[in-house]
Amino acid sequence: QVQLVESGGASVQAGGSLKLYCVASGDTYRSDCMGWFRQIPGKEREGVAAFRSAARVYADSVKGRFTITKGRARNTLELHMHSLKHEDTAMYYCAAVRLQCLGDALDTTTYTDWGQGTQVTVSS
């Protein structure tokens with residue numbers, strides 16, 4: 001099993017920028033899909049941005065503001081966030097699928113491995 005650890009969450013002003021990082025440790029595996037999800041208490045976890053192989057997919061709410069990228073180190077993933085809004089406030093999770101990615105890359109049910117999350121708070 002691979003462990004995923006997120007970092008970079010912080011409190012920022014609306015309009016600001018932030019970078020989130022995800023590092024995978026343990027066994028190395030091929031992931032067709034890796035992505036970022038977020039969750040607000042009382043709401044379902046939702047997809048933010050993901051890779052399906054080399055293709056990037058984004059939720060409409062973050063398109064043009066967030067960029068998902070693979071880090072320079074092995075098994076790393078980043079989320080570059082700009083023009084942050086109050087509604088971006090959430091716990092952000094990194095996720096990966098162990099084998100073939102068969103589902104929607106922005107659907108939580110597609111994924112098998114999850115990090116513990118990092119909190120992003122945007123002041124309005």
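The values are calculated or read from the model by the stated rules, or taken from the named source; none is laboratory data. Everything numeric here is computed off the predicted structure, so don't read it as measured data. Note that we place each Cβ from the backbone using ideal geometry, even for glycine, and neighbour counts take in every protein chain shown. When the accessible area is computed, the model is the full protein with side chains, heavy atoms only, and any ligands, DNA or RNA have been set aside. Shrake-Rupley method; radii C 1.70, N 1.55, O 1.52, S 1.80 Å.
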> Out of all the residues in region 89-124, which are open to solvent by less than 20 Å² (accessible area, probe 1.4 Å), farther than 16 Å from GLU44 by Cβ and not small (Gly, Ala, Ser)?
Replying inline: CYS94, VAL97, CYS101, ASP113, THR118, VAL120, VAL122
> Only one of (1) surrounded by 14 or more Cβ atoms within 10 Å (Cβ to Cβ); (2) modelled with pLDDT of 90 or more fails for GLY15. Which number is that?
Replying inline: (1)
>> What's the number of the only condition in (1) at pLDDT 95 or above; (2) in a loop (DSSP other than H, G, I, E, B) that ARG38 fails to meet?
In response: (2)
> Mind checking which residues of region 85-124 are at pLDDT 95 or above, in a loop (DSSP other than H, G, I, E, B) and more than 15 Å from the chain's Cα centre (by Cα)?
Replying inline: LYS85
> Any idea which residue in region 29-72 is surrounded by the most Cβ atoms within 10 Å (Cβ to Cβ), counting only those that are farther than 22 Å from THR112 by Cβ and of a type in the set (Gly, Ala, Ser)?
Replying inline: SER61
>> I want to confirm something. Restricting to region 47-56 and keeping residues that are part of a strand (DSSP E or B) and out of contact with any helix residue (DSSP H, G or I) (no Cβ under 8 Å at 6 or more places or on another chain), which single residue is modelled with the lowest pLDDT?
In response: ARG52
